[in-house]
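The values are calculated or read from the model by the stated rules, or taken from the named source; none is laboratory data. None of these values were measured; they are calculated from a predicted model. Every residue, glycine as well, gets a Cβ built from its backbone with ideal geometry; the counts of neighbours run over all protein chains shown.
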Amino acid sequence: MARLCSIPQEQARYHGGLFHAPYPIGIVLHRTEASYKRVHKGFVEGGKRHVSAHFLIGKHEGEVVQVVDTNQKAYHVGSGANSYFVGIEFESIAARKGIHGTDPLVNADPLTDFQVKTGRKVIEWLCATHGIPRKGPPTKFEMAGCQGLWRGLLNHRDLRLAPAAFPHASHGDALRREDWQALLPYGPWQPPAD
């Protein structure tokens, strides 16, 4: 079992089987389009869609939970990609109604100090536990070169840079440059792929 013991644990209703070695190879960072409470409830109780992530980090102190063991797949990035990546969801603002695709205000919402502090802790543990390189996000050239199998950290939207590998990666959620710099303050950090 791969559980971060200093983080509260619950079990997501939906999760996949075990990763096959040498996976997971990377960490996908997500932005929610709903409150911590609503996303947490959806992961634990389930709903119409089978969704989950390994970690959920809210905006406020104490709002953090691991809901899928990181030796198991979660349903966070779509068909195919779930077999390669663990996922961390960072609470953001609710998406506005009528916006098609990812609401730009969701991606522009800054991480809180709690999210940065907790995100660093989770990232460090994941990288050490699974041998994931502490680098990211990838450039367009790097995503093309590795055919989507990025070994490191990436935004959910970065998967769209490898449509042959992940044709169903339609989400555009991403962290801001400042958030990447805060989460990986000692590098190697690179500008997000736009």
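Scanning the range 161-194 for residues that are of a type in the set (Asp, Glu) and crowded, with 20+ Cβ neighbours inside 10 Å, which turns out modelled with the lowest pLDDT?
ASP173
Do any residues in the range 118-143 that are under 15 Å from LEU184 (Cβ atoms) have Cβ atoms under 8 Å from those of residues that are of a type in the set (Ser, Thr, Tyr) and surrounded by 17 or more Cβ atoms within 10 Å (Cβ to Cβ), where the two are at least six apart or on different chains, and which pairs are they?
LEU126/THR70
If you take the residues of the range 8-28 that are surrounded by fewer than 17 Cβ atoms within 10 Å (Cβ to Cβ) and among the aliphatic types (A, V, I, L, M), which of them is farthest from GLU63 (Cα to Cα)?
Checked the range 8-28; the qualifying residue farthest from GLU63 (Cα to Cα) is ALA21.
When you go through PRO110, PRO163 one by one, which is the residue that is part of a loop (DSSP other than H, G, I, E, B) and without any contact (Cβ under 8 Å) to a residue 12 or more places away in the chain?
Just one listed residue meets the conditions, PRO163.
Inside the range 139-160, can you point out the residues that are crowded, with 21+ Cβ neighbours inside 10 Å and over 14 Å from the mean Cα position of the chain (by Cα)?
Answer for the range 139-160, where residues must be crowded, with 21+ Cβ neighbours inside 10 Å and over 14 Å from the mean Cα position of the chain (by Cα): MET143, GLY148.
Only residues that are touching a residue at least 24 places away in the same chain (Cβ under 8 Å) and buried (at least 19 other Cβ atoms within 10 Å of the Cβ): list them for the range 34-58, please.
TYR36, VAL39, HIS40, PHE43, SER52, ALA53, HIS54, PHE55, LEU56, ILE57, GLY58
Quick check: anything in the range 106-114 at pLDDT 95 or above, surrounded by 19 or more Cβ atoms within 10 Å (Cβ to Cβ), at negative phi and hydroxyl-bearing (Ser, Thr, Tyr)?
Looking for residues that are at pLDDT 95 or above, surrounded by 19 or more Cβ atoms within 10 Å (Cβ to Cβ), at negative phi and hydroxyl-bearing (Ser, Thr, Tyr), one finds none in the range 106-114, hence no.
THR102 is checked against (1) in contact with a strand residue (DSSP E or B) (Cβ under 9 Å, 6 or more places away or on another chain); (2) in a loop (DSSP other than H, G, I, E, B); (3) within 28 Å of GLY17 (Cβ to Cβ); (4) of a type in the set (S, T, N, Q) and fails just one. What number does that condition carry?
Unmet condition: (3).
Tell me, which residue of the range 75-92 that is among the polar types (S, T, N, Q) and in a loop (DSSP other than H, G, I, E, B) is modelled with the lowest pLDDT?
Out of the qualifying residues, it is SER79.
All but one of (1) buried (at least 23 other Cβ atoms within 10 Å of the Cβ); (2) within 17 Å of ALA34 (Cβ to Cβ); (3) over 13 Å from the mean Cα position of the chain (by Cα) hold for GLY87, so report the exception by its number.
Going through (1) buried (at least 23 other Cβ atoms within 10 Å of the Cβ); (2) within 17 Å of ALA34 (Cβ to Cβ); (3) over 13 Å from the mean Cα position of the chain (by Cα) one by one, GLY87 breaks only (3).
Does the range 129-141 hold any residues that are at pLDDT 95 or above and part of a helix (DSSP H, G or I), and which are they?
THR129, HIS130
Listed residues TRP125, TRP150; which is at pLDDT 95 or above and assigned to a helix (DSSP H, G or I)?
TRP125
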